[in-house]
Amino acid sequence: MSKPLIYIDQNIIGLQLQGIISLAKRDDVTWVYSKEHFAEIRRSDEPEKYLDVLDVIDAKLLDLVLDGNWKISGEAQLNESGTPHQHYDAYIEANRDVDFDDTLFDPFQVWVNGGGDEGPLKDLSEKFAHQILSLTSELPFDTTEMIGKVKSIKPKFDSMIDEMISNGNDIGKTRAAFGDEKGAIGSVSGEKEIEKIWEIISPTMQGAEISCDQFFGFDPIEKQGYESWPMYLGIIGCNAVLDILGFQAEKKCRKLNKIHNVRSDAGHIAMGAYCSAILSEDKRLIKRAKAIYGYKSIGTSPILVTREANKSIQPTADASAD
């Protein structure tokens with residue numbers, strides 16, 4: 001019988017470094033991390049110290065399995081070989097080979113969440129066009145048609161951005177439009193939180209013929225070539241919707257210099273879905289994970305870790321958050 005996989009959030013590594021908790025290599029569970037950790041570690045001043053913690057506790061890398069077309073298959077695979085340092089070096093090298101700015105649409109996400117300013121948003125179409133042209137510049141075939149399409153998209157892109165700016169981004173008005181005039185969504189608790197939120201929202205969806213799964217991103221109408229939308233992407237999308245609605249949302253989702261942390265939180269919840277449990281010090285992350293896992297009948301147990309000095313964590317597969 002395989003050992004339970006316990007996914008540790010990035011902040012758990014931080015608690016270990018501070019000596020607030022005590023994790024160690026164990027025979028009864030496997031500590032797990034993902035490339036989402038590498039995205040966060042890469043932004044730190046001292047990547048090595050975080051990798052050292054993962055090495056000491058013998059944590060294993062959990063990675064998404066891609067199909068022959070480089071699409072997410074819906075499965076994840078535990079990499080039993082290699083050290084965290086080796087995997088991190090490979091991650092850095094792979095990203096160095098791909099000249100893609102993963103922060104490109106951050107101004108859009110921040111604006112939708114009620115933050116940011118007009119400047120970066122207005123620059124978005126120009127940066128998008130530059131990114132596409134840069135990625136296709138060295139392709140071994142004639143890209144004239146592709147370049148023409150990119151240039152033709154830009155005016156439409158600019159028009160959409162101008163309309164967004166003219167409509168404003170008052171998050172209170174946005175949430176009120178979804179039926180949340182008094183912050184009811186933010187105070188939803190207990191069991192079946194997603195279903196409760198849908199009960200608040202669905203009356204405003206009359207005539208739209210949209211399901212709960214579609215609204216929360218688990219079954220998008222445009223599946224980008226997928227026959228069925230991967231659960232991983234569904235969880236990422238659901239987190240983005242919950243940011244807009246204000247369910248366990250943080251102010252950092254409205255700050256351009258913090259939005260990468262919001263993406264990482266969503267990524268951790270999505271990767272945690274492949275494990276027996278997910279550990280985090282972030283109460284909002286744990287509550288969101290509980291709501292999402294419960295809605296999709298995912299068996300992962302969200303476990304909130306508190307700052308109790310010298311506490312040795314002894315998780316079990318059926319442990320859960322309050």
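The values are calculated or read from the model by the stated rules, or taken from the named source; none is laboratory data. Remember, it's a predicted structure, so these values are computed and weren't measured experimentally. Every residue, glycine as well, gets a Cβ built from its backbone with ideal geometry; the counts of neighbours run over all protein chains shown. Each accessible area value is taken on the protein alone, full model and side chains, heavy atoms only, with ligands, DNA and RNA left out. Shrake-Rupley method; radii C 1.70, N 1.55, O 1.52, S 1.80 Å.
Considering Ile269, Ile286, Ile244, Ile298, which residue is assigned to a loop (DSSP other than H, G, I, E, B) and within 26 Å of Ala184 (Cα to Cα)? Write out each step before concluding.
Details: Ile269 fails: assigned to a loop (DSSP other than H, G, I, E, B); Ile286 fails: assigned to a loop (DSSP other than H, G, I, E, B); Ile244 fails: assigned to a loop (DSSP other than H, G, I, E, B).
Of the residues listed, the single one that is assigned to a loop (DSSP other than H, G, I, E, B) and within 26 Å of Ala184 (Cα to Cα) is Ile298.
Check Val32 against each of (1) among the hydrophobic types (A, V, I, L, M, F, W, C); (2) modelled with pLDDT under 95; (3) farther than 18 Å from Arg263 by Cβ and name the one condition it does not meet.
Val32 satisfies every listed condition except (2).
Is it the case that some residue within region 6-20 is touching a helix residue (DSSP H, G or I) at 6+ places or on another chain (Cβ under 9 Å) and under 30 Å from Gln224 (Cα atoms)?
Yes: one or more hits.
Restricting to region 51-88, give me the number of residues that are free of Cβ contacts under 8 Å to residues at least 60 places away in the same chain, surrounded by 14 or more Cβ atoms within 10 Å (Cβ to Cβ) and within 26 Å of Gln131 (Cα to Cα).
Looking only at that region, the number is 1.
Among the residues that make up region 306-319, is at least one of them modelled with pLDDT of 95 or more, open to solvent by 20 Å² or more (accessible area, probe 1.4 Å), part of a loop (DSSP other than H, G, I, E, B) and among the basic types (Lys, Arg)?
no
Looking at (1) at pLDDT 90 or above; (2) open to solvent by 70 Å² or more (accessible area, probe 1.4 Å); (3) within 26 Å of Gln224 (Cβ to Cβ), can you tell me which one Val98 breaks?
Of everything listed in (1) at pLDDT 90 or above; (2) open to solvent by 70 Å² or more (accessible area, probe 1.4 Å); (3) within 26 Å of Gln224 (Cβ to Cβ), Val98 misses just condition (1).
If I ask for residues that are among the hydroxyl-bearing types (Ser, Thr, Tyr), crowded, with 21+ Cβ neighbours inside 10 Å and under 16 Å from the mean Cα position of the chain (by Cα), which ones from region 233-279 would you list? Working first, answer last.
Pass one, region 233-279, residues among the hydroxyl-bearing types (Ser, Thr, Tyr): 264, 274, 276.
Filter again for crowded, with 21+ Cβ neighbours inside 10 Å, leaving 274, 276.
Tyr274, the sole residue that qualifies.
Taking Lys154, is it assigned to a helix (DSSP H, G or I), modelled with pLDDT of 90 or more and of a type in the set (Lys, Arg)?
Answer is no for this residue.
Give me the pairs: first residue in region 26-45 and in a loop (DSSP other than H, G, I, E, B), second residue among the hydroxyl-bearing types (Ser, Thr, Tyr) and surrounded by 22 or more Cβ atoms within 10 Å (Cβ to Cβ), beta-carbon distance under 8 Å, and six or more apart or on different chains, which are they?
Val29/Ser276; Ser34/Tyr7; Ser44/Tyr50
Pairs only if they're at least six apart or on different chains, beta carbon under 6 angstrom, first in region 288-309 and within 17 Å of Asn11 (Cβ to Cβ), second open to solvent by less than 40 Å² (accessible area, probe 1.4 Å) and assigned to a helix (DSSP H, G or I); list them, first residue then second.
Once the first residue is within 17 Å of Asn11 (Cβ to Cβ) and sits in region 288-309, its partners that are open to solvent by less than 40 Å² (accessible area, probe 1.4 Å) and assigned to a helix (DSSP H, G or I) give Ala289/Ile269; Pro302/Ile286; Pro302/Ala289; Leu304/Ile286.
Residue check: is Tyr91 free of Cβ contacts under 8 Å to residues at least 60 places away in the same chain and in contact with a His (Cβ under 9 Å, 6 or more places away or on another chain)?
Here the answer is no, as Tyr91 does not meet what is asked.
Mind listing whichever residues of region 162-210 are surrounded by fewer than 11 Cβ atoms within 10 Å (Cβ to Cβ) and assigned to a helix (DSSP H, G or I)?
Passing the criteria: Glu163, Ser166, Asn167, Ser187, Pro203.
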